[in-house]
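Engineer: Here's a structure for you.
Only the coordinates and a few stated rules stand behind these numbers; no lab work does. These numbers were taken from a predicted model, which means no experiment stands behind them. In this analysis, Cβ positions are derived from the backbone assuming ideal geometry, glycine residues included, and neighbour counts consider all displayed protein chains.
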Amino acid sequence: QSSSLVPQNDPTLLFTNAGMNQFKDVFTGLEKRGYTRAASCQKCLRVSGKHNDLENVGRTARHHTFFEMLGNFSFGDYFKRDAIIYGWEFLTEELGLDKSRLWVTIFRDDDEAFDLWRELTPVPAERIVRCGEKDNFWAMGDTGPCGPCSEIHFDQGPGIYPCPDPESCGPQCDCDRFLELWNLVFMQFERSADGKLTPLPKPSIDTGMGLERVSSVVQGKLNNYDSDLFSPMINFTASLAGVKYGASEESDVSLRVIADHIRSAVFLIGDGVLPSNEGRGYVLRRVMRRAMRHGRMLGFAEPFFFKVAGVVIDAMEESYPDLRDKRDYVAKVILHEEERFIRTLDRGLQLLEGEVEKLSGEKKILSGEVIFRLYDTYGFPVDLTADIVRDRGIVLDEAGFEREMEEQREKARKAWKGSGEEAVGGLYRAMKDAGVATTFIGYHSLENSTEIASIGLGGTLTQSARAGDKVEIALAATPFYGESGGQMGDSGSLE
């Protein structure tokens, strides 16, 4: 069973990003389970850290934020021989892939793997390629379990992609002809701090194969987005927008971005993540707002993204039944975020366009001050601004943006400390010290009955106020989102 996208008891990860994450403590010996073999289909997210390829999603055939990782695992049970047998049988017998189109890479010093591939499969020696540590040696960290790996590649055929060196083209070539399908990791060593490798008493197996890639191969597609994992969302969005997928590269990119990002949004929200300005919530907000901006490029002036969520749930609820009960909740969260971003999107785009027109010279640099204003006033994540100007030869002054951010943080720290004249900061601090807390319910309901939790008058707490007094109140629960981090506060009425 897939674990949550939010890792449990692993502070080193922002999101689950591989099938082995839930077995990490088993591999390191910290946890014992009642089985020594496992297979899973794990939902994963890669949007941050070294896996941050957000700007490529929708523009290439195989970059995604959300994906499903297939894998089989052995915890001191079967090892290299059986892992190779299982992998070969699954691809050639269960999936029926052409054996003559499968290539294999191994670690350069792993003679055992070479001999096993020759003994157990019909792969000829010339289709077994030895590679270096960078590509074919896996480690959990600088120290700990590690070992060589063997990747199975599918030859998509010559002439499909431009290749700088067609005569020597192989799995190591960057031309995309050879598609990595499955990575078999042979965890057989323990690496110490001095770099020494010691054989493990019980070697283990960790494998990973992206469902999106294998689906495209099985269905004879050269692009993951053309498989039936994405076509429902692409076709639905294209119909809503009145465009045809395949008609233009510009609209195709937008359709693919939306199809990818809605899957991330649905599963993140389903796993308890909500849009915010920090941590996991900010990653969700970045992904959603990038998709919403691409929706605007397709001509959507009103909320649309929340409608696509239902298509994802229809397609995935059989495999993930918990999505059924969360259908309305997920749609409400997305709609609320869309409605808030629409308020500022057009004005932010106008500001950005005006600033871009002012740029001149060979190297056009968008200042950190402008990037910060877009972020702080109009809710534009930095990578959204970068995405908008990426094809116009404009460089972002990200160092300048960081200086603006630090200046804002310093102002916030000073305001919070107070100076005797900052009554508002003192009031909020007094509310906090008094244990006043407001529950935000705006993702579930847009109106509610509640109680006044606290009253502020003239910068101090009070128990009552008279007609004509100007007061601030804190409610026990509210559907109004406060102004924060570039987000305009909600408005409404109290009765």
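Engineer: Expressed as an acute angle from 0 to 90° and rounded to the nearest 10, what is the orientation of the C-alpha long axis of helix 305-316 relative to the principal long axis of the chain?
Structural biologist: Rounded to the nearest ten degrees, it is 40.
Engineer: Points 7 angstrom from Cα along the Cβ direction at Ser3 and Asp433: gap in nanometres?
Structural biologist: 4.3 nm
Engineer: Which distance in nm do the two modelled labels at Asp314 and Arg81 give, with both placed 7 Å along the Cα-to-Cβ direction?
Structural biologist: With each label placed 7 Å out from Cα toward Cβ, I get 5.1 nm.
Engineer: Also, quick follow-up: Which FRET efficiency value, to the nearest 0.05, do you get for Leu95 and Thr462 by plugging their Cβ-Cβ distance into 1/(1 + (r/R0)^6) with R0 = 60 Å?
Structural biologist: On the way: r = 71 Å, r/R0 = 1.18.
Here the calculated transfer efficiency is 0.25.
Engineer: Okay, next question. Scan [x] 138; [y] 210; [z] 147 for the value of volume of the Cα convex hull per residue in Å³ calculated from this model and give just the label.
Structural biologist: Step by step, volume of the Cα convex hull per residue in Å³ for this structure corresponds to label [y].
Engineer: On C-alpha positions alone, give me the angle between the axis of helix 111-120 and the longest principal axis of the chain, in degrees, nearest 10.
Structural biologist: Once rounded, the angle reads 70 degrees.
Engineer: Give, in nm to one decimal, the length gained when the segment between Ile441 and Lys196 is fully stretched (0.36 nm per residue of separation minus the Cα-Cα distance). Walk me through the intermediate numbers first.
Structural biologist: On the way: separation 245, 0.36 × 245 = 88.20 nm, distance 5.44 nm.
Gain on extension, Ile441 to Lys196, equals 82.8 nm.
Engineer: Taking Cα atoms, how many degrees apart are the long axis of helix 423-433 and the longest axis of the chain, rounded to 10 and kept between 0 and 90?
Structural biologist: 60 degrees
Engineer: For the stretch 459-475 and the stretch 111-184, compute the distance between their C-alpha centroids and round to whole Å.
Structural biologist: After rounding, the separation between the Cα centres reads 70 Å.
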